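I have placed the structure first, in the form of structure tokens, so that the comments after it can refer back to it.
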Amino acid sequence: MPRLFRLATPLVLAALASLPALAEEAPRYNQISLQAEASREIAHDLMRVTLYSEAQHKDPAQLAGDITRSLNAAVERARQVAGVKVSLGNRNSHPVYDDQGRRIVAWRERAELRLESADFAALSQLSADLLGELKIGDMRFAIADATRKKNEDTLLQDAVKAFGERARLTTQALGGSGYKLVSLSLNSAGIVPPPFPRVAMMKSMDREAGAPAQEIEAGSSEVSIRADGVIEVQMP
């Protein structure tokens with residue numbers, strides 16, 4: 001007697017294929033969302049100064065030439081100071097109108113020079129020396145990328161430990177016998193700068209040519225790593 005074979009229909013095959021997915025999507029209970037954070041104050045080890053040249057003239061070509069010569073002289077001088085990174089910033093010009101706002105009477109141009117260094121004393125002195133031709137636009141302090149990464153690597157471990165301790169305490173509070181880690185994400189919470197302004201330091205430097213170098217107090221910023229995750233508490 002011949003044996004009979006019955007082919008499965010596409011509908012049956014689709015149902016069989018979805019069984020593992022249905023098993024994975026089964027509801028999970030006793031899941032708790034937790035958050036922990038590790039942070040520390042890190043001293044600023046990078047100084048950034050923005051200087052600028054600004055002038056006004058009736059002839060835009062002569063104005064641009066004067067600004068360029070001023071910047072070139074400052075760049076040449078800055079390049080002679082070891083450990084100082086030199087780059088050009090924004091440069092723009094705009095027309096100046098008469099009182100009626102109808103006729104252009106002059107052009108005004110501004111160009112920036114940006115300096116960066118880990119040697120605060122050298123950059124402070126250079127900035128003071130350049131005040132004969134340029135003006136201080138901005139001064140700020142930061143954490144170098146290498147320093148930030150080194151500290152974030154340590155903070156990452158601290159954040160994971162803090163998350164584990166919080167998970168243990170939560171499990172204990174709920175009367176659980178243990179927990180499973182469902183998910184965990186680690187994120188940098190960013191750098192929180194100091195709350196005090198930099199204006200006083202900038203004004204003290206922005207003097208006539210020959211001004212003394214400013215005493216530097218770089219301060220620090222807070223760097224933090226946040227751990228966000230979900231645990232599943234196992235009940236006895």
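The values are calculated or read from the model by the stated rules, or taken from the named source; none is laboratory data. In this text, all values refer to a predicted model and were calculated from it rather than measured experimentally. Every residue, glycine among them, receives a Cβ derived from its backbone with ideal geometry; neighbour counts consider all protein chains shown.
Values computed for the structure shown
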| read-out | value |
| --- | --- |
| Single unsatisfied condition, S93 versus (1) in a strand (DSSP E or B); (2) within 30 Å of E222 (Cβ to Cβ); (3) hydroxyl-bearing (S, T, Y) | (2) |
| In the stretch 65-84, the residues that are within 11 Å of E109 (Cα to Cα) and either in contact with a Lys or Arg (Cβ under 9 Å, 6 or more places away or on another chain) or not assigned by TED's automatic domain parsing to the domain that holds L131 (or both) | I67 |
| The listed residue being within 28 Å of the chain's Cα centre (by Cα) and at pLDDT below 95, out of A111, A121 | A121 |
| Hits in the stretch 138-153 (condition: in a helix (DSSP H, G or I) and in contact with a Ser or Thr (Cβ under 7 Å, 6 or more places away or on another chain)) | E152 |
| Condition check for V105: among the β-branched types (V, I, T) and not in a loop (DSSP other than H, G, I, E, B) | yes |
| Given (1) among the acidic types (D, E); (2) assigned to a strand (DSSP E or B); (3) over 24 Å from D45 (Cβ atoms), number of the condition E76 does not satisfy | (2) |
| Filter result (out of contact with any Asp or Glu (no Cβ under 9 Å at 6 or more places or on another chain) and surrounded by fewer than 18 Cβ atoms within 10 Å (Cβ to Cβ)) within the stretch 107-128 | E116, D119, A121, A122, Q125 |
| Which listed residue, of S33, S87, is assigned to a strand (DSSP E or B), assigned by TED's automatic domain parsing to the domain that holds D153, at pLDDT 95 or above and surrounded by 10 or more Cβ atoms within 10 Å (Cβ to Cβ) | S33 |
